[in-house]
Amino acid sequence: MLPLAIITITLALVLYTVGVWAERIQKTLRWWHVVFFGLGLAADTTGTLMMTAIAGERRDAGIQANAANVLMAWTGTFAILLMAVHLVWAIVVLVRGRERELHTFHRFSIIVWAVWLIPYVAGAAGSMAG
């Protein structure tokens, strides 16, 4: 299950990155960006649930989590919640259609994306550490 979880989390990185950076480059929020935010969130949540199951199996086998894995768990949960808030807020901004919000939303997107990278990098470091 680990290879599938890694692929799913990496797919989340690709999808979310495309949505966030396309929005930044285009300088206005569009519905297709929101679709990529949602797909990235879905992939991240799925991959995280798989990783949680794997961690539970390792814990049951008596294998201790390292510091990077603990950091990934806490920041990963926070990042998923933040991604969900980001998605909902993007929908609100699009529905309201206020030009200023549509053109400045990317600032929030970049922050959420950067926060999301913390558990991604921590997870990669944790898997390399053993």
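Quick note: the coordinates plus some simple rules give every number you see, no bench work behind them. On a predicted model such as this, the values are computed, not experimentally measured, just so you know. Methodologically, a virtual Cβ is constructed for each residue, glycine included, from the backbone with ideal geometry; neighbour enumeration extends over all protein chains shown.
Overview of values
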item: Tabulated pairs, the stretch 108-120, first under 17 Å from Trp89 (Cα atoms), second aliphatic (A, V, I, L, M) and surrounded by fewer than 22 Cβ atoms within 10 Å (Cβ to Cβ), C-beta under 6 angstrom, 6+ apart or interchain; result: Val112/Leu82; Val115/Leu82
item: Residue in the stretch 49-59 that is touching a Pro at 6+ places or on another chain (Cβ under 9 Å), hydrophobic (A, V, I, L, M, F, W, C) and surrounded by 14 or more Cβ atoms within 10 Å (Cβ to Cβ) present; result: no
